[in-house]
Structure formats: C-alpha cells, structure tokens
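The values are calculated or read from the model by the stated rules, or taken from the named source; none is laboratory data. No experiment lies behind these values; they were computed from the predicted model shown. Cβ sites come from the backbone with ideal geometry, for glycine too, and all protein chains shown count toward neighbours. To get the accessible areas, we keep the full protein, side chains included, count just its heavy atoms, and leave off ligands, DNA and RNA. Shrake-Rupley method; radii C 1.70, N 1.55, O 1.52, S 1.80 Å.
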Amino acid sequence: MKPNLEVRIGALRMKNPVTVASGTFGYGQEYARYFDIAALGAVTIKSITLKPRAGNAPPRLVETPAGILNAIGLQNVGLDAYLAEKAPFLRKHGATIIANIYGSQPDEYCELARRLEEAHAADAIEANLSCPNVHDAATARGPALVAQIPERVAEYSRALRAATKLPLLVKLTPNVADIREPALAAQEAGADGVSLINTLMGMAIDPETRRPRLANVIGGLSGPAIRPVALKMVWDASRVLQIPVIGMGGICTAPDAIQFLLAGANAVAVGSMSFRQPDAALQIVRGLADYLEHHQIPDVNDLVGAIAT
Amino acid sequence: MPYVLDCEIAANDEAAPAHRRMRVCAPQIAREAQPGQFAMLQTADGYAPFLRRPMSFERVLPEAVAFLYKVEGEGTRLLAAMRPGQTISVHGPLGKGFSIDSTISRHILVAGGIGVAPLPALADAVTRACRRPPDVVIGARTKRFLLCGDVFRSMGCEVYLATDDGSVGEKGVASHVLERLAPNPDTQIYACGPMPMMRATAQIAARSGAACQVSLEAQMACGDGACLGCVVESIFENEGEKMVRVCTDGPVFDAQHIDWNAHNFAYDR
Ligand SMILES: Cc1cc2nc3c(=O)[nH]c(=O)nc-3n(C[C@H](O)[C@H](O)[C@H](O)COP(=O)(O)OP(=O)(O)OC[C@H]3O[C@@H](n4cnc5c(N)ncnc54)[C@H](O)[C@@H]3O)c2cc1C
Ligand SMILES: Cc1cc2nc3c(=O)[nH]c(=O)nc-3n(C[C@H](O)[C@H](O)[C@H](O)COP(=O)(O)O)c2cc1C
Ligand code: FES
C-alpha cells in the first residue's frame, strides 16, 4: 500500500510535506526546467514587496563552512509583475503556491495579502517578519526585526489575520533568545502555522583586504551548517504550539527532512540545497515515500513529533 | 536546456603552474554549449565546499567539453586532484554566451589572466561564422602564466602578448595592446579578465566606437537566476532592472550596459 503523504497546514492542503524555502527557488520558473514543480507539496516564492526592489549592493553572497552567507536585500519583481507574469506560470504548471510577502508596515503586508487573495495568486500567505538583510527598515545593524519582538509579531499577525482568509504562515527568525515567545505570539494572533527558521545572522572578513566579505557587512547564514540549530528550534516551538510548524534550515536529503518531522515539524522546506542540486526537493519527496514504505508507516503525519525520547 | 549529469573525466592535466585543463565526456552538454556559457562543477561529495564552482567552457568538442582553471582555493584544489576515469557532476550549459555578428569586419578577443578560459571556444566560433580567425590579445603577469597562445595560433589567429614584467610580448596590460590595434566602429571586441582590465577595455571601445562584449564574474550559488547572489549593477535606472544576474542575464554583457562606476573594485581579488 502506498503511504499517505498529504499534510494540512490550517486549510492548506499539501500533497506531500515538502516545499522549498523562500528566496532559494525563485518564482518556480527557474527550476521548472529540471522537474515538474507541481510534484512538490507547494512552491514558496521569493519574498515579494508592493514595489519592485533592487536589493543590496554586491557582493551579496559568500560561502562559509557548509553554508552560505547572503545579503540579497529582498531584490524582487514586485507585486504587479508577480501577478502578471509569475503567478500565471505557477498556476499553469499546477503548483500549490505559498506566497512569501514582505512589507515595512502592517498595512503593506495586508495590502499584499488582499491583492494576492483577490487575484487567486496564492494558496497560502507566508509573512516574512524575519529578513535580516533590509537596510531601509534600519534593521540591518539594529536589534529590531519584527520577529524578534513578540508584541510586534502579534500586531502584524493580527492585522494580516483580519485582512485575508488565506491560510497564514508567519516566518520567524532564529536570532532570538527563546523561539517559543514569537511562535506563541503568532499562534495567539490567529496564524495557521509558523515557518522556521530564517537565516542566522553572521559575517565573514577577508584577512588580506580587511574588508567584510559582504558589502552589507552582515548577512544571513543558511545551509547544512545551521541544521542542528534549526532542528532544535523546531523541537522547542512545536512542543508548545497547537498550530503546525514548517521546518527548514540546512535540509539536504530525505533523512534530514525526516529529522525535522520527528522533531515536530508538520512540513519541511528545502532551501540552499536547491542551489547545489536543482531537483533536491523532488528527491526528498521520493526519499520520504521510500522511507515510509520501508518502515511500513501508513501516514507521514505519524512521523510528526515521533522522536523517541 | 541545462542538464545535471555525472560525467566521466577524460583528462585533467597541468596547463601552467597552478593552472589545469579538465576534459569531461558530456555529449548532451557539448551538443548545446555555446561559447561564453559555463557549467557549475560539483567539487566534493560532502559539504566542503557546499556550493558548485562556475567554470567557462574553454572548448566545446563533439562529445566532450574542456575547462581551463586556476587553482584558487578549496574547490579548485579538489578539482585539481581528480583523476581521469572518475566522475564529476556537471550542471550546464548555463548563462548567455557571446553573440557573433559576422557583418562586422574585425573581431578582437582580449584576455587577462585566467580570463582567457572562454576564448578558445569563441575563437573557434568566430572563425566558423566569419570565415576568418579573429585577432587575440593575451595578457598575463609573467611568461609562465601565459595561457593558450599555441591554441590560438593553431587556429590561425594573430596573437599579441602582454606581460606585467615584459618577460614576453609588450610590457603592460592587454588593454594597452588593444589600444594600439586601433579598434574602430567596424570592430567587435570580446573581453574577459580582471574587472579593471575589462573597464579599461570598455572605455577604449566606447572612445573608438567599437562594439564590446564582456564576460563577467561573480560569486554564484545557483547558476540558475534564483538566488540573486551574483548581480552586478547595470545602467538601467528602474528598481526592477538595476541589478543584472551574471548567471542568467550574463555572464556575457554588452559593456555599455554595465555601470562601471558603481562597481566596487576593492572587493575584487
Ligand atoms: C561565469 C564564471 C565563469 C568562470 N570561469 C572560470 C574558468 O573558466 N576558469 C577559472 O579558473 N575560473 C573561472 N571562474 C572563477 C571560478 O569560479 C573561481 O575561481 C572558483 O569558484 C574558486 O573556487 P575555489 O573553491 O577554488 O576558491 P574559493 O575558496 O572559493 O576562493 C578562493 C579565493 O578566490 C576568490 N574568488 C573565488 N571565486 C571568485 C570569483 N568568482 N571572482 C573573484 N574572486 C573569486 C575568493 O574570494 C577567495 O579569495 C569563473 C567564474 C564565473 C562566475
Ligand atoms: C539566497 C537566499 C535568499 C533568501 N531569501 C529569502 C526571502 O526572500 N524571504 C525569506 O523569507 N527567506 C529568505 N531566505 C531564507 C530561506 O528561506 C531559509 O529560511 C533559510 O535559507 C534556511 O534554509 P536553508 O538552510 O535550507 O537554506 C533566503 C535564503 C537564501 C540562502
Ligand atoms: S548565481 Fe544564483 S542568481 Fe546567479
């Protein structure tokens, strides 16, 4: 018997628990030339903003041990181009769409969510409250990402909850002392799920030139280097939450993804690994199905939180 | 269409001190690869390094492609240690290559250092399209690091050399030699090398009215236009077009479209 792979995040149905992480899969088009993107549980798009953004000055990317530091700064095509060019492509290919959005005010998030819902250009909203690389919000070097302050997480989530009927995911930052606080704030404000983790803030310096390797000085760390940190945060958060968790951070293979499910994630997102292996997310879907069959587990949901302690 | 294929290494030999040439059997990729395009090579099975390394096609052969590379850091050191018979994962062909306008009478290729890597494939294609081999200017630090001179001569190209120390050819940089060749509006220049050399070449082209294509480099993660890590600043002012991706909008650009003043040379190595 084929095991069940379908999961639900609030009202969002995913045919399997594997999506891709925002900003690592473009708008789906970039990877549709390698495999059928509708075979994924969902495609999560690069953060979009109301207006197009050019992003930060280069260099924006540097490799560090088993990871990547990036300071892209939310370069994106903007909502209008997404609606006109990107969403129709995703729809035509039958992809389930998680639309990741970014704004500098609750109003902007709400307008993005409303217009995405009206245009049927999203099946769920993921509010990026945790981008470490935006300098216009005075956040790049300051302490104040929205997701670092539980009260602001609640404020933004409440506003969005009132603005849209779409399933609402809130994407949190690992750059906090206790991940449970912003996670609980999102839940209490009516979010249908939380996505964690965004990148860990970091930096690298070239000793020869004495310059930071990124023009933005600091950036966000992703890739296998952050996997144990991400896993622990998913474990921490899922134990206190009633709502689902989408886990991410360094997932490269099916066994990595299974660790996140066991720790309590209801679904997972594959991020930086797609850069190295364009069909990594698809291979993880297949590896997960094989694992369930091999262990005679009838339903992937049986793995969620099933860590043996 | 790009592929991700495990390919057999046919050869991996020294081309100059700390420079090697790797030939891999990749019939599908070879059928589609255009001069100026590149591939992302996986250098390790584990995650050190995690990302693939971009390398231009030096030659596109009937069943194989060749890469010419400089041993820089961990990734290229691992490439250098690979042996014929082993397999390597090759992701490509990627990017937008050179375009050849055969109505232009004179074609000049300008290389600085390892920037010579994509030019043999280009010289081949120019020769076929224009029925005449192009002129080639090669610059290097010193004689030992001059690459591909024989390759171009065997294609019938006129080859001009420049070295920083004057150990062979003209003492100075490739762009000085280019200036002496007096490009004019009926000249197409193709340049690949360090950013200051490409900026100088772009300026010579602009002054002389010659057309100029440059092949740029940047740190890359995906090679597919998804991560937005590899951008350079263009002259286009609106927010949506300002940053162009070296991997998919390039690596070959019209030199006039690059905002050379915005580039921060301090980050180049
Ligand atoms: C489209 C494209 C085509 C390329 N084609 C070739 C080629 O044909 N032959 C070739 O030898 N190289 C080529 N390169 C450059 C090559 O990709 C890098 O030298 C290589 O990635 C270095 O990897 P590494 O692990 O050995 O060094 P790393 O450990 O990654 O880096 C070693 C040092 O080199 C610097 N460095 C690394 N990559 C770059 C870069 N892209 N630009 C400037 N500095 C860099 C680093 O900052 C560091 O100081 C190309 C790059 C691009 C973007
Ligand atoms: C190049 C790059 C760009 C990213 N852009 C975004 C973004 O636009 N919005 C967002 O919410 N997260 C963004 N992220 C974070 C990822 O979605 C993910 O949370 C993080 O990379 C951890 O997963 P990974 O280790 O599997 O990559 C980006 C990550 C990378 C590497
Ligand atoms: S390398 Fe990812 S967009 Fe160019």
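When a 1.4 Å probe is rolled over the protein heavy atoms, the share of accessible surface on chain B that falls to carbon and sulfur comes to 48 percent. State the percent of C-alpha pairs, over all pairs in chain A, separated by a distance greater than 29 angstrom. I get 29 percent for the Cα pairs in chain A exceeding 29 Å. Rounded to the nearest 20, the size of the Cβ-charge dipole of chain B about its Cα centre is 660 debye, with Lys and Arg at +1 and Asp and Glu at -1.
Between B:THR142 and B:GLN28, the modelled labels are 4.5 nm apart [label points 7 Å from Cα along Cα→Cβ].
Three principal axis extents of segment A:61-115 based on alpha-carbon atoms, in descending order, are 39, 32, 17 Å.
Positive end of the dipole of segment B:1-151 (Cβ unit charges, origin at the Cα centre): among B:LEU119, B:THR103, B:GLY92, the Cα lying farthest that way belongs to B:THR103. Taking only the C-alpha atoms of segment A:2-142, Rg followed by Dmax gives 15.6, 51 Å. Alpha-carbon geometry of chain B: the Rg and the Dmax are 17.7, 51 Å, given in that order. Each of A:ALA280, A:ILE297, A:ILE258 was placed along the dipole of segment A:153-309 (beta-carbon charges, centred on the mean Cα), and the one lying farthest toward the positive end is A:ALA280. Taken over the protein assembly as shown, the alpha-carbon convex hull comes to 152 cubic angstrom per residue. Shown here are the Rg and Dmax of the Cα trace of segment A:18-83, at 13.4, 38 Å. Looking at segment A:104-234, the accessible area is 41 square angstrom per residue; that uses a 1.4 Å probe and ignores ligands, DNA and RNA. In summary, the lysines within cross-link reach of B:LYS96, defined as a Cα separation below 19 angstrom excluding same-chain residues under 8 places away, comprise B:LYS242. Within the protein assembly as shown, DSSP assigns beta bridges of which about 50% are antiparallel (rounded to the nearest 5). The convex hull drawn around the Cα atoms of segment B:147-240, when projected onto a plane and averaged over every direction, covers 8.6 nm². For the chain pair B and A, the interface hides roughly 3300 square angstrom of accessible area in total, found with a 1.4 Å probe. Within the accessible surface of chain A, defined with a 1.4 Å probe on protein heavy atoms only, the carbon and sulfur portion equals 52 percent. Burial here means at least 20 square angstrom less accessible surface with every protein chain in place than with the chain by itself, probed at 1.4 Å; in segment B:214-237 the buried residues are B:GLN219, B:ALA221, B:CYS222, B:ASP224, B:ALA226, B:CYS227, B:LEU228, B:GLY229, B:VAL231, B:GLU233. Protein heavy-atom accessible surface, 1.4 Å probe, per residue over chain B: 41 Å². Within segment A:186-226, the percentage of alpha carbon pairs spaced more than 11 angstrom apart rounds to 72%. Answer with one residue from B:GLY75, B:LEU216, B:CYS130: the one whose Cα lies farthest towards the positive end of the charge dipole of chain B, charges on Cβ with Lys, Arg +1 and Asp, Glu -1. The one lying farthest along the dipole's positive direction is B:CYS130.
A straight line joining the Cα centroids of segment B:70-87 and segment A:100-132 runs 45 Å.
Once the C-beta distance of B:ARG132 and B:ASP268 is scaled by a Förster radius of 35 Å, the resulting FRET efficiency is 0.55 to the nearest 0.05.
Computed about the Cα centre, the dipole magnitude for segment A:68-200 is approximately 240 debye when only Lys and Arg (+1) and Asp and Glu (-1) carry charge, each at its Cβ.
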